[in-house]
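Accompanying notes for the structure given below.
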Amino acid sequence: MTTTPTTGRGSGGGGEFDEVVHAPNRLQICAFLEPLDQAEFSVVRDVLGASDSVTSKHVKVLQDAGYLTVRKPTGRGRVKTWLALTPEGRTAYRGHVAALRALLG
């Protein structure tokens with residue numbers, strides 16, 4: 001099976017390389033969120049071992065691609081930011097992982 005890297009956002013189909021997902025921090029975010037319904041921003045940041053600004057930058061790229069939703073529910077106390085992969089994001093991540101596995105043979 002041959003896979004060709006895409007430029008920009010991949011279609012997320014079966015086994016396609018996706019440059020949006022491929023960046024190491026974004027790949028980690030997707031890998032962490034894939035089995036979860038959602039996670040708090042600070043937990044994702046801690047998993048990355050990155051600053052708020054670096055994490056925010058990568059979250060924004062994933063959000064702009066339609067791969068991630070960001071929720072800030074209002075209520076009592078401190079407002080927490082919640083992140084979740086969209087169905088398109090899960091498909092893109094799984095397709096990217098399949099493409100990487102194919103490259104590794």
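Given a 1.4 angstrom probe, what's the average accessible area per residue across the chain, in square angstrom?
On the way: 6040 Å² over 105 residues.
In whole numbers, the chain has 58 Å² accessible per residue.
Quick check: at a probe of 1.4 Å, how many percent of the accessible area of the chain sits on carbon and sulfur atoms? Carbon and sulfur: 54 percent of the exposed surface of the chain. Would you mind classifying the range 12-60 by shape? Square roots of the alpha carbon gyration tensor eigenvalues, ordered a ≥ b ≥ c; an a/c under 1.5 is rounded, otherwise it is prolate if a/b is larger than b/c and oblate if not. Since a/c reaches 1.5 but b/c is at least a/b, the shape of the range 12-60 is classed as oblate. In order along the range 81-89, the Karplus-derived 3J(HN,Hα) couplings, from 6.51 cos²θ - 1.76 cosθ + 1.60 at θ = phi - 60°, round to 9, 10, 10, 8, 6, 7, x, 5, x Hz, and Gly and Pro are given as x. The modelled label-to-label distance between Lys60 and Ala23, using points 7 Å beyond Cα along the C-beta direction, is 1.0 nm.
The values are calculated or read from the model by the stated rules, or taken from the named source; none is laboratory data. No experiment lies behind these values; they were computed from the predicted model shown. Heads up, the Cβs are rebuilt from the backbone with ideal geometry, glycines too, and the neighbour counts pull from every protein chain shown. SASA here: full protein model, heavy atoms, side chains in, ligands and nucleic acids out. Shrake-Rupley method; radii C 1.70, N 1.55, O 1.52, S 1.80 Å.
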